[in-house]
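The values are calculated or read from the model by the stated rules, or taken from the named source; none is laboratory data. Values in this document were obtained by computation on a predicted structure and should not be read as measured data. Ideal geometry is used to build each Cβ from the backbone, glycine not excepted, and the neighbour counts take in all protein chains shown.
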Amino acid sequence: MTPFRTAPLSTLLSGTLATVLAATMVAPVVAQDDAASITLEEMARRLRELETANEGLRSEVRQLRAEDDDEWLDEERAAQIRGIVTDVLADAETRTSLQDAGLTAGYSDGFFIASPDGAFTFKVQGLLQTRFVWSHLGGNPPIADFPNEIDVKQDRTGWEVPAAQLTFSGTLWDAAVEYMVRGGFENNAEYALQAQSYGGNGFGNAQAVGTAGSGSGNFSLLDAWARINFSQDWAFRVGQFKLPFDREFLIYDAYLTAASRSVLSNILSTGYSQGVELEYFGEAFRWKLALSDGGTDNVGGRFVSLVGSEPLNTPYYVEQADWAVTSRIEFKLDGLWEDFRGMTSPRGDEFGLLVGAAVHYQQGKPWYSQGVVPPASTGDDYNKWFGFTADVTAKFGGASLFGSFYFANMSAKAAEFGTNSAGGFGALNAANAGSINTLGFMLQGAVYVADDIELFAQYEYGNTSGPKTLLDQNAIFNNPSDLSLLTVGVNYFFRGQNAKWTTDLGFTFDKVSYFWADPSYGLRANDSTGQLLFRTQWQLFF
């Protein structure tokens, strides 16, 4: 605060000198009026008074000079500080806004860099899921009906990392082009179907043998695509992506309700493929049509490959499908499209209703290994896969319902199987494996009992019939049991989907055949009802 001053320093000095001069000049004038009364002593007294007054003025001048010097120093210091602050702010602005490059950076559902106008963007996201699993088989293994059962240990416990993924995505040229590259560290166990050959068809007692899996822990490419947006409604995508089939598989791992996808989705989905896709995004409905290298074949279970297509990360010359087409349509009856990005419906959300359906068809002759003799021609030696699914999603703002139906027909008339030779892999035989029909449905409900606590329940049913050749001649696949699985659990949201803890418990009401055994879910093949599966999982999505 600036001290109160009556007048500037220069004014005070001028006033002091004027006072002294006036006093000396006025004295003779006064003397003219009363010369007789003024003596030398009187003049001396007046002079002393002037000297005293002058000394007081000198003291005041010295004090004012000191104060003026301090104020000058304060102003100089303030100017220096203002200069430093300006430099620091300019440096911070340069660092945060990247002025030299004309970019901005920050965090919004992922770390991003973007041009000021948003025409070019780049985002990095990560997903980490770590899980503890306890699996208990009913009955008393080993079991007579499953003489070649893979796993006869009644209780298994352990930790696993089902998802450790990195995603790079963004836009180019005013969002005219979108792109994504996503990869993850694999957490799997590889299995192979071995069959002793007898008769003329190459089938015998098959056994599925589990191995550690050379692919476990490797970093695998998942998504790698570019989308060209022709208009607000139409787009064209090319690369490696999820085929537009069942809704549960299309939802990203971080937005699921249970600790993993359902067994039906893992086995009956078409999975990833490589190809092109035409997309229409309307206000009330969306439609996608994909031409690809075929779906990922898990329809016979994780231990049998019927049509043999595994297009994920494969070169063109080993594809097992000559052609494949997949199409999905969705109708949004209420709500916003972004509300259906995940399964859950937190409190406060608006009502939303979505229905969808999809079909898939592919055919092709297998890529036979060297030395394999194809089966005798029947005039139709193609492996064919037809799939259909339909689903409905309802969100109530604090509760949600989801239901899905699956059907698949696999016609494996030109299948290739490995035969057992001295306990290992020997010659390969090709044969007509017949046709399999598989259907199933899943129902799921969830409700929030608090703003950050969600309870859920999920029931799955699946049925497989045929084929005569494969099932009747191999005891391990003879009359496969139905899938009947109930899962109940709870979600605790620390920071929404970004930090979530999920715990669920699964129970089977029937045997679990090799067609329904699903390592990624944690379900093991077992010839007794009452298999228990406990999973508790921590998720970090950033």
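Some observations on this one:
- A single entry from A290, A254, A258, A224 fulfils the requirement of being of a type in the set (A, V, I, L, M), part of a strand (DSSP E or B) and within 20 Å of the chain's Cα centre (by Cα): A224.
- Residue check for S309: at pLDDT 95 or above, out of contact with any helix residue (DSSP H, G or I) (no Cβ under 9 Å at 6 or more places or on another chain) and among the small types (G, A, S): no
- Among the residues listed as T508, T502, T487, the single one being buried (at least 20 other Cβ atoms within 10 Å of the Cβ), more than 14 Å from V263 (Cα to Cα), among the β-branched types (V, I, T) and at pLDDT 75 or above: T502
- Test: T296 is more than 18 Å from L221 (Cβ to Cβ) and either of a type outside the set (A, V, I, L, M, F, W, C) or not in a loop (DSSP other than H, G, I, E, B) (or both): no
- Taking the range 152-203 and the strands (runs of 3 or more DSSP E) fully enclosed by it, the elements with 2 or more residues that are within 30 Å of E277 (Cβ to Cβ) and modelled with pLDDT of 70 or more are at 155-172, 177-185.
- Hits in the range 236-260 (condition: of a type outside the set (A, V, I, L, M, F, W, C), surrounded by fewer than 20 Cβ atoms within 10 Å (Cβ to Cβ) and closer than 26 Å to V133 by Cα): Y252, D253, Y255
- Residues within the range 479-502 that are in contact (Cβ under 8 Å) with a residue 60 or more places away in the chain and among the β-branched types (V, I, T), tallied: 2
- Residues considered: P311, P346. Of these, the only one that is assigned to a loop (DSSP other than H, G, I, E, B) and buried (at least 23 other Cβ atoms within 10 Å of the Cβ) is P311.
- Meets criteria (modelled with pLDDT of 95 or more, among the β-branched types (V, I, T) and surrounded by 14 or more Cβ atoms within 10 Å (Cβ to Cβ)) for V299: no
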